[in-house]
Amino acid sequence: MSAECYPIAKVGGLADVVGALPKYQSNSDRTSEVIMPFYDNKFTQSHEFSTAYNSTLELGRESYNFKILTLDNNAVGFDIYFVKIINLLTVDYVYSYDDANRFLAFQIAALDWILTWKEKPTIIHCHDHHAGLTPFMLQESYKYESLNKIPVILTIHNAQYQGSFSHDKVGLIPAFNFENIGLLDWSGMINPLSAAIKCAWKVTTVSPSYMEELKIKANGLEDLLVAESHKCVGILNGIDSEVWNPETDHYIVKNFKKSAVASGRKGNKEWLCKEFNLDLNKPLFAFIGRLVGEKGAELLPEVFQKALQKENISVLLLGSGHEEVESQLESLKTEFEGTYNAFIGYDEKISHIIYAGADYLLMPSRIEPCGLNQMYALRYGLIPIVRKTGGLKDTIIDISEDGFGFTHKDVEIDQIVNAIERATLLYQDKTAFNKNRKRIMSIDHSWNASAQEYINLYNSLN
Ligand code: ADP
């Protein structure tokens with residue numbers, strides 16, 4: 001159960017994981033199906049759906065008709081179902097002010113439907129707080145009693161977002177024994193993520209280091225994670241190596257194999273430099289991502305300014321987020337015309353060409369539960385410069401420690417600029433630079449190993 005799934009609706013890494021993991025799980029003796037909300041977006045407008053189930057759900061005193069839809073000519077590679085609730089879920093955004101009601105209705109519809117299945121699922125796997133009331137409802141709501149033997153797993157993709165809402169809405173949750181209301185509560189609010197941590201049979205996070213970090217810093221939930229640590233495990237995400245393959249990627253302007261990394265990447269860099277008015281001969285440092293504190297984004301304007309003044313480099317940024325950061329990044333364009341550019345917005349094609357054509361990828365993240373960008377970067381031969389945290393710590397080894405990337409300890413301007421300086425030196429040694437690109441392209445972060453870890457976890461439960 002998930003709010004996002006690539007290529008249907010993607011806000012961040014959650015979509016990539018939910019869009020890839022089921023494909024790899026289907027290679028085992030288990031089949032996985034995804035259930036997600038039906039949004040009114042480009043994908044749903046351009047695909048045909050059939051109705052698998054039709055019913056009415058109760059959300060407190062309100063009733064809503066809903067449909068479970070399936071995708072005709074399914075091209076995603078696994079079975080996927082959509083909860084369509086007109087006037088509630090069928091909106092053109094994934095997240096907004098009305099998440100509490102929408103995602104609760106989504107979960108109720110999904111469970112109401114599962115109640116009608118002759119053969120029940122062997123595992124229910126919930127992703128993030130949007131599906132976080134499901135473990136509670138399965139355990140506590142009277143109407144789902146017949147499902148309460150189904151093992152339920154929570155995967156935390158990002159513990160910053162917990163979906164808290166006021167106790168005033170408790171009446172929206174299908175009736176349960178009020179003596180157990182404490183399971184829903186955290187700091188005086190109904191907190192779906194904490195409820196899921198308490199009620200799920202197993203809790204996973206998307207990298208082993210992030211699991212450890214959450215016990216120290218989890219936006220208020222650290223004590224809970226320490227208390228529940230016996231059932232918690234960190235499993236590193238993989239990447240969908242079919243979608244993210246420089247040999248076949250249809251977004252990029254020149255496809256390439258490891259053996260032709262230099263010429264292949266040059267073709268893509270040429271496109272970037274032409275499109276964004278940058279010098280092909282300078283090392284190109286890129287950033288792709290949400291412009292938020294978690295990603296260290298507010299430091300970027302000053303980092304870029306300092307690095308561009310000191311070093312003979314170019315910088316290209318793709319992202320959107322905090323308005324103030326966006327406008328600072330925009331205003332650098334005039335000061336550094338010809339060596340700096342930024343595309344403020346979301347653009348899948350440009351992102352792929354950056355993976356295929358830039359020389360270094362900056363990820364000065366404060367919090368990075370797993371991070372997919374650095375794994376895509378490795379697959380395409382783009383060298384990552386990362387802060388040692390969460391999944392970045394688990395995947396990138398500094399070149400000075402016999403590794404292949406550049407790491408820095410803190411989210412600090414001088415440390416990031418220093419890493420850029422070290423990377424610039426490597427760029428000047430063309431043989432070592434190319435050798436390193438080939439080396440990183442050989443690192444396997446495909447889902448095969450991680451999908452198996454999830455299967456092992458399921459097998460431990462039934
Ligand atoms: P998070 O989920 O915290 O945003 P992840 O590293 O897990 O970070 O996943 C980010 C995903 O979103 C990657 O696939 C990345 O390429 C993509 N992405 C982020 N911002 C943009 C953007 N502005 N344009 C295109 N793709 C983006």
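The values are calculated or read from the model by the stated rules, or taken from the named source; none is laboratory data. Since we're looking at a predicted model, the values are computed, not measured. Here Cβ is always computed from backbone atoms with ideal geometry, including for glycine, and neighbour counts include all displayed protein chains. Heavy atoms of the whole protein, side chains included, go into the accessibility calculation; ligands, DNA and RNA do not. Shrake-Rupley method; radii C 1.70, N 1.55, O 1.52, S 1.80 Å.
Mind checking which residues of region 340-359 are within 7 Å of the ligand (Cβ to nearest atom) and either within 18 Å of Leu300 (Cα to Cα) or in a helix (DSSP H, G or I) (or both)? Residues satisfying the conditions are Gly345, Tyr346, Glu348, Ile350, Ser351. Here are some conditions: (1) within 11 Å of the ligand (Cβ to nearest atom); (2) in a strand (DSSP E or B); (3) aliphatic (A, V, I, L, M). Leu362 meets all but one. Which one does it not meet? The one condition Leu362 does not meet is (1). Here Leu214 meets each of (1) buried (at least 23 other Cβ atoms within 10 Å of the Cβ); (2) without any contact (Cβ under 8 Å) to a residue 40 or more places away in the chain with one exception, condition (2).
Would you mind finding the one in His230, His250 that is more than 20 Å from the chain's Cα centre (by Cα), open to solvent by 40 Å² or more (accessible area, probe 1.4 Å) and closer than 23 Å to Cys5 by Cα? Selected residue: His250, the only one of His230, His250 that is more than 20 Å from the chain's Cα centre (by Cα), open to solvent by 40 Å² or more (accessible area, probe 1.4 Å) and closer than 23 Å to Cys5 by Cα. Before we move on, is Asn436 closer than 16 Å to Pro283 by Cβ, open to solvent by 20 Å² or more (accessible area, probe 1.4 Å), in the same structural domain as Glu311 (by TED's automatic domain parsing) and not charged (D, E, K, R)? No, not satisfied.
For region 129-170, the set of residues classified as more than 18 Å from Ala109 (Cβ to Cβ) and within 18 Å of the chain's Cα centre (by Cα) consists of Ile153, Leu154, Thr155, Ile156, His157, Asn158, Ala159, Gln160, Tyr161, Gln162, listed by residue number. Residues that are open to solvent by less than 30 Å² (accessible area, probe 1.4 Å) and either in a loop (DSSP other than H, G, I, E, B) or among the β-branched types (Val, Ile, Thr) (or both) were ranked within region 99-116; the one that is nearest to Leu57 (Cα to Cα) is Ile108.
A quick yes/no check of all residues on (1) touching a residue at least 12 places away in the same chain (Cβ under 8 Å); (2) polar (S, T, N, Q); (3) surrounded by fewer than 17 Cβ atoms within 10 Å (Cβ to Cβ):
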{"site": "His130", "(1), (2), (3)": "yes, no, no"}
{"site": "Pro135", "(1), (2), (3)": "yes, no, no"}
{"site": "Ser141", "(1), (2), (3)": "yes, yes, no"}
{"site": "Glu145", "(1), (2), (3)": "no, no, yes"}
{"site": "Lys149", "(1), (2), (3)": "no, no, yes"}
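Once region 372-389 is narrowed to residues that are in a strand (DSSP E or B) and open to solvent by less than 10 Å² (accessible area, probe 1.4 Å), the residue that is farthest from the ligand (Cβ to nearest atom) is Ile383.
Within region 132-143, one or more residues are of a type outside the set (S, T, N, Q), closer than 25 Å to Asn87 by Cβ and in contact with a Gly (Cβ under 9 Å, 6 or more places away or on another chain). Total residues in region 135-157 satisfying the condition of being in contact with a helix residue (DSSP H, G or I) (Cβ under 6 Å, 6 or more places away or on another chain) and not in a strand (DSSP E or B): the figure is 11.
Where in region 189-289 are the helices (runs of 4 or more DSSP H), entirely inside, with at least 1 residues that are within 16 Å of the ligand (Cβ to nearest atom)?
Here the list reads 192-199, 208-214, 261-275.
Starting from residues that are in contact with a Cys (Cβ under 6 Å, 6 or more places away or on another chain), within 16 Å of the ligand (Cβ to nearest atom) and among the hydrophobic types (A, V, I, L, M, F, W, C), keep the ones in region 15-35 and report whichever is farthest from Thr70 (Cα to Cα). Checked region 15-35; the qualifying residue farthest from Thr70 (Cα to Cα) is Ala15. The set of residues in region 37-58 being touching a residue at least 60 places away in the same chain (Cβ under 8 Å) and closer than 27 Å to Ser351 by Cβ consists of Pro37 alone.
Being within 14 Å of Phe78 (Cβ to Cβ) and within 12 Å of the ligand (Cβ to nearest atom) is the filter here; which residues of region 2-14 pass it?
Matches in region 2-14: Tyr6, Pro7.
Of the residues Glu294, Glu337, Glu326, the single one that is touching a residue at least 60 places away in the same chain (Cβ under 8 Å), within 16 Å of the ligand (Cβ to nearest atom) and farther than 15 Å from Val417 by Cβ is Glu294. Against the condition of a type in the set (Asp, Glu), in the same structural domain as Leu392 (by TED's automatic domain parsing) and under 29 Å from the mean Cα position of the chain (by Cα), how does Glu275 come out, does it pass? So Glu275 passes the test.
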